[in-house]
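*Asks:* Below is one structure. I have some questions about it.
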Amino acid sequence: MRNMHLLIAVSVAFALGICKIAVAEEPDLNEASFIDGFKLGGYTSAGINLHPGGKTDAKLNELSLFVTWDNGGRLRFFSEIEIEKPLTWRSGDGFTGKDSYLDIERFYLDFNLSEKLNLRTGRFLTPTGRWNVMHAAPLVWTWSRPLVTSRMFPEAVNGVMFYGAAPFSDKAFEYKLFIEAMQERSRDRGDSIPYKDTKGMRFEITGKFNWGLSLLDTVEDLDLVSTRYRMVGLDFMVQHKGWELSAEALQRYYTNGNDGGSGAYVQAVAPLGNQWFAIGRLENFQRPAEGSSERWVLGTAWRVTPSQVLKLEYVGGDRERVESPKGVMASFAILF
Amino acid sequence: MRCLITSLLFLIWLLPLHAGAEGEVIAIIIPKAESVKVTSKPELALIFWRKKLYWASSKRIQPVNLSPDNVLRQKFSLQILDSPPEDQLEYWNALYFHGTPPPHVVRSQEAMLRYVADTPGAIGYVDACRADSRVKAVAWLLTDGSVSHVQPSLGC
C-alpha cells in the first residue's frame, strides 16, 4: 500500500506540473489533446472547536486535490487525493501533525457504454444517501457531520459501478449498481470502521424534489468479529430560492432480521440575505457497538464567494464523543 | 393628418407585439451536419444538468449556455431546469466535485450560433427568430412551456 501511495504522490506531482488549473465557472469542453485533457482542482478547510468542557482544538482539516482527465471521448479519469488533518492544535498540547495521513478518496475510470449506461471502475464514494457523496466542506452547510452518514456503511468502495440516467415523466431517474472488488486498504485509521464485501444500489428521482432509495449489503469487519448487515436508506432534498430542506434515514439489519443500527437527520436552511444562511439540524444515531447519540445543530453560513464559505455553528445533544464533537465550531472552506 | 396619426398609433401598437413575439419561442439548436433526437423537456433537463453526457452515437454532448444574466438563459433555465441560474450554484459546485464541469458559457446569441455550428456534439438555444442556416433547429420551446418538434409560426 505504501507503494500505491508513492505512485499516487508521484502522479499528483506530475499532474501539478502539467495541468491547467480548473475553474468551475470556465470549463473548456472542446476536444483536447492528451495533455490538455488534464485538469487540477480541489478544496481545503480549517476550523476551530470550543468544546463544552473548556477544551479547544483547531485544525487544518484537509488539503484535497482533484486530478481529472477528459479529452472529450468515452473514457474519463478522476482522482481525489487528500492529506487529512495535516496540522492540529489542541489547548494544552500545542501544534501537532501526528494525526495526518494521506488518503486516496477517489481514483476511478469512467467509460461510456451507451446513452444510459456507464461503467466506473476503481475507488469511489459509496453512493448511499446524499451526504456521503457530497461531503466536501465547501459543499455542506455545517462543519459537523451527522454520524448516520459515516458510521453505518463504508464511505468508499474499491470496485465496479454501473450507472446512468433517463427521463422519467417530467423528472429524471438515476441509478447506480455497485460491488466491491478489492477490500478496504487502510485498516489502521483509528476513527474509521472497516467494512468488506460491500454491494448495493441506489435509485433517485430528481427534479424540483429529489428522492433517493439506497440498498446495501456489507460486512463490518472488526478485529474479533465480522458481522454482515443489510441496510435500507431513504432521503430527500428540495431547494427553492435559497431555502433548502433535506433528510436522510438509514436502517440496518442483521441477516436474521434483527435491528443492526439506525439513524436519521433532518436539516433546514433559510436565506438571511447578502449570502448569509441560517441552518438547523436534528439527528439521531444508534449502532449496536456504540450505543445511541442525539444531536441538534444551530448555525449560520456566509458564502463569501461562490466557492468560499464561512460557517459558525453550535452543536448540542447528549454526551460528547470523539467522532461527534459538541460545542461552538467555526470553520472556513474553499473550493478551487 | 388623421391618417398619419392613425398610422402612427397602429405602428406603436404593432411594435411591442412584434418585439414580444421575437422573444417568446426558443429554438433548440445543434450543428447542421448532425442528426440527434431531443424528445422531451426532461431529456433537455438531463443534458443541461449534465446528467446525460453522451448522445446515442456515444459522441460527447457539449451543452452551451448563455450568460446567467441573459434574459433568454433565465427563461430557458426556468422552463427546462425549473430554477434560475443564480439558484444553481451549489449544484454546479457539487458536480465540479465529481469532476464534471458545467456547460460552456457564451456571451451572445451570435456566439451561441457560432459555437454550436463549429462544435461536434454541441446543443444550445437561441431566440427562434435568430436561428439561421449555420445550425439545425431540432425542437422549439413554446410560450406555454411545451416542446414542439414542428417549427411553429414565428412571425419574425
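*Asks:* If you check residue B:31 against the conditions, is it touching a residue at least 60 places away in the same chain (Cβ under 8 Å), buried (at least 19 other Cβ atoms within 10 Å of the Cβ) and either hydroxyl-bearing (Ser, Thr, Tyr) or in contact with a Phe, Trp or Tyr (Cβ under 8 Å, 6 or more places away or on another chain) (or both)?
*Replies:* Details: touching a residue at least 60 places away in the same chain (Cβ under 8 Å): yes; buried (at least 19 other Cβ atoms within 10 Å of the Cβ): yes; either hydroxyl-bearing (Ser, Thr, Tyr) or in contact with a Phe, Trp or Tyr (Cβ under 8 Å, 6 or more places away or on another chain) (or both): no.
In short, no.
*Asks:* Follow-up question, since we're still on this one. Are any of the residues in segment B:93-110 assigned to a strand (DSSP E or B) and either at pLDDT below 95 or surrounded by 21 or more Cβ atoms within 10 Å (Cβ to Cβ) (or both)?
*Replies:* From segment B:93-110, those assigned to a strand (DSSP E or B) are B:104-106; that's our starting set.
So of that shortlist, the ones also either at pLDDT below 95 or surrounded by 21 or more Cβ atoms within 10 Å (Cβ to Cβ) (or both) come out as none.
There is no residue in segment B:93-110 that is assigned to a strand (DSSP E or B) and either at pLDDT below 95 or surrounded by 21 or more Cβ atoms within 10 Å (Cβ to Cβ) (or both).
*Asks:* What number of residues within segment A:245-294 are in contact with an Asp or Glu (Cβ under 6 Å, 6 or more places away or on another chain) and aliphatic (A, V, I, L, M)?
*Replies:* Residues in segment A:245-294 being in contact with an Asp or Glu (Cβ under 6 Å, 6 or more places away or on another chain) and aliphatic (A, V, I, L, M): 1 in total.
*Asks:* List the number of the failed condition for residue A:68; all other conditions in (1) loosely packed, with under 15 Cβ neighbours inside 10 Å; (2) in contact with a strand residue (DSSP E or B) (Cβ under 8 Å, 6 or more places away or on another chain) hold.
*Replies:* For residue A:68, the failing item is (1).
*Asks:* Considering only residues that are surrounded by fewer than 18 Cβ atoms within 10 Å (Cβ to Cβ) and either aromatic (Phe, Trp, Tyr) or not in a loop (DSSP other than H, G, I, E, B) (or both), look in segment B:77-88 and name the one that is nearest to the other protein chains (Cβ to nearest Cβ).
*Replies:* B:87
*Asks:* I've got another one for you. When you scan segment A:231-260, how many residues do you find that are more than 11 Å from every other protein chain (Cβ to nearest Cβ) and part of a loop (DSSP other than H, G, I, E, B)?
*Replies:* 4
*Asks:* Could you list, in sequence order, all residues of segment B:89-107 that are under 28 Å from residue A:75 (Cβ atoms) and more than 7 Å from every other protein chain (Cβ to nearest Cβ)? Before you say what the answer is, go through the steps one by one.
*Replies:* Filtering segment B:89-107 down to residues under 28 Å from residue A:75 (Cβ atoms) leaves B:91-106.
Matches in segment B:89-107: B:91, B:95, B:98, B:100, B:103, B:105, B:106.
*Asks:* Right, something else. Scan (1) modelled with pLDDT under 95; (2) more than 9 Å from every other protein chain (Cβ to nearest Cβ) for the single condition residue A:63 breaks and write down its number.
*Replies:* Unmet condition: (1).
*Asks:* Name the one entry in B:127, B:118, B:132 that is of a type in the set (D, E, K, R) and at the interface with chain A (Cβ under 10 Å from one of its Cβ atoms). It would help to see each step written out before you state the result.
*Replies:* Working: B:127 fails: at the interface with chain A (Cβ under 10 Å from one of its Cβ atoms); B:132 fails: at the interface with chain A (Cβ under 10 Å from one of its Cβ atoms).
Exactly one residue qualifies, and that residue is B:118.
*Asks:* Further question: Of these, A:143, A:131, which one is crowded, with 22+ Cβ neighbours inside 10 Å, away from every other protein chain (no Cβ under 11 Å) and touching a helix residue (DSSP H, G or I) at 6+ places or on another chain (Cβ under 8 Å)? Spell out how you get there, then give the answer.
*Replies:* Numbers: A:131 fails: crowded, with 22+ Cβ neighbours inside 10 Å.
When all the criteria are applied, what remains is A:143.
*Asks:* Quick one: is residue A:150 surrounded by 18 or more Cβ atoms within 10 Å (Cβ to Cβ) and either of a type in the set (Phe, Trp, Tyr) or more than 10 Å from chain B (Cβ to nearest Cβ) (or both)? Lay out the reasoning, then the answer.
*Replies:* On the way: surrounded by 18 or more Cβ atoms within 10 Å (Cβ to Cβ): yes; either of a type in the set (Phe, Trp, Tyr) or more than 10 Å from chain B (Cβ to nearest Cβ) (or both): yes.
In short, yes.
*Asks:* Another question, then. Being within 14 Å of another protein chain (Cβ to nearest Cβ) and either outside any loop (DSSP other than H, G, I, E, B) or under 23 Å from residue A:328 (Cα atoms) (or both), is that true of even one residue in segment A:280-287?
*Replies:* There is no residue in segment A:280-287 that is within 14 Å of another protein chain (Cβ to nearest Cβ) and either outside any loop (DSSP other than H, G, I, E, B) or under 23 Å from residue A:328 (Cα atoms) (or both).
*Asks:* I need the full set of residues from segment A:247-260 which are surrounded by 14 or more Cβ atoms within 10 Å (Cβ to Cβ) and either touching a Ser or Thr at 6+ places or on another chain (Cβ under 8 Å) or over 25 Å from residue A:141 (Cβ atoms) (or both), in order please.
*Replies:* At the first step, the residues of segment A:247-260 found to be surrounded by 14 or more Cβ atoms within 10 Å (Cβ to Cβ) are A:247-254, A:260.
Within segment A:247-260, A:248, A:249, A:250, A:251, A:252, A:253, A:254, A:260 qualify.
*Asks:* Pairs needed: first member in segment A:197-216, within 11 Å of another protein chain (Cβ to nearest Cβ); second member anywhere, part of a strand (DSSP E or B) and polar (S, T, N, Q); C-beta distance under 9 Å; at least 6 residues apart or different chains.
*Replies:* A:204/A:210; A:208/A:239; A:210/A:239; A:210/A:246
*Asks:* Please pick out the residue among A:103, A:99 that is out of contact with any Pro (no Cβ under 9 Å at 6 or more places or on another chain) and either in contact (Cβ under 8 Å) with a residue 12 or more places away in the chain or more than 27 Å from residue A:158 (Cβ to Cβ) (or both).
*Replies:* Working: A:99 fails: out of contact with any Pro (no Cβ under 9 Å at 6 or more places or on another chain).
Just a single option satisfies the conditions, and that option is A:103.
*Asks:* Also: Quick one: which residue in B:74, B:62 is surrounded by fewer than 19 Cβ atoms within 10 Å (Cβ to Cβ), within 16 Å of the chain's Cα centre (by Cα) and modelled with pLDDT of 95 or more?
*Replies:* Numbers: B:62 fails: surrounded by fewer than 19 Cβ atoms within 10 Å (Cβ to Cβ).
None of the others qualify; the one that does is B:74.
*Asks:* Out of the residues in segment A:308-324 that are under 19 Å from the mean Cα position of the chain (by Cα) and modelled with pLDDT under 95, state the one that is farthest from the other protein chains (Cβ to nearest Cβ). Steps first, please.
*Replies:* Going through segment A:308-324, the residues under 19 Å from the mean Cα position of the chain (by Cα) turn out to be A:308-311, A:322-324.
With the extra rule that they be modelled with pLDDT under 95, the set shrinks to A:322-324.
On the way: A:322: 27, A:323: 23, A:324: 24 Å.
Residue satisfying both the conditions and the ranking: A:322.
*Asks:* Further question on the same structure: In segment B:34-75, what residues are over 19 Å from residue B:135 (Cα atoms), charged (D, E, K, R) and not in a loop (DSSP other than H, G, I, E, B)?
*Replies:* Correct list: B:41, B:43, B:75.
*Asks:* Also, I was wondering about something else. Determine if segment A:190-207 includes at least one residue that is modelled with pLDDT of 95 or more and among the aliphatic types (A, V, I, L, M).
*Replies:* Going through segment A:190-207, the residues modelled with pLDDT of 95 or more turn out to be A:198-205.
Those left that are additionally among the aliphatic types (A, V, I, L, M): A:201, A:205.
Yes, segment A:190-207 has at least one match.
*Asks:* Let me ask something else about it. Scan the strands (runs of 3 or more DSSP E) fully inside segment A:47-99 and keep the ones with 2 or more residues being within 30 Å of residue B:57 (Cα to Cα).
*Replies:* Numbers: elements: A:56-70, A:75-90, A:94-96.
Counting at least 2 such residues, we get A:56-70, A:75-90.
*Asks:* Among all residue pairs at least 6 apart or on different chains, which show Cβ distances below 7 Å where the first residue, located in segment B:119-146, is among the small types (Gly, Ala, Ser) and the second is surrounded by fewer than 23 Cβ atoms within 10 Å (Cβ to Cβ) and in a loop (DSSP other than H, G, I, E, B)?
*Replies:* B:121/B:55; B:121/B:59; B:121/B:61; B:128/B:25; B:128/B:154; B:137/B:151; B:139/B:38; B:139/B:149
*Asks:* Just name the residue that is surrounded by the most Cβ atoms within 10 Å (Cβ to Cβ) out of those in segment B:37-52 that are farther than 17 Å from residue B:149 by Cα and within 7 Å of chain A (Cβ to nearest Cβ).
*Replies:* B:46
*Asks:* Kindly establish whether residue A:297 is touching a residue at least 40 places away in the same chain (Cβ under 8 Å), closer than 19 Å to residue A:150 by Cα, touching an Asp or Glu at 6+ places or on another chain (Cβ under 8 Å) and exposed (fewer than 14 other Cβ atoms within 10 Å of the Cβ). Break it down into steps so the answer makes sense when it comes.
*Replies:* On the way: touching a residue at least 40 places away in the same chain (Cβ under 8 Å): yes; closer than 19 Å to residue A:150 by Cα: yes; touching an Asp or Glu at 6+ places or on another chain (Cβ under 8 Å): yes; exposed (fewer than 14 other Cβ atoms within 10 Å of the Cβ): no.
Judged against the criteria, residue A:297 is not a match.
The values are calculated or read from the model by the stated rules, or taken from the named source; none is laboratory data. If you're wondering where the values come from, they're calculated on a predicted model, not measured in any experiment. Neighbour counts run over all protein chains shown; Cβ positions are idealised from the backbone, glycine included.
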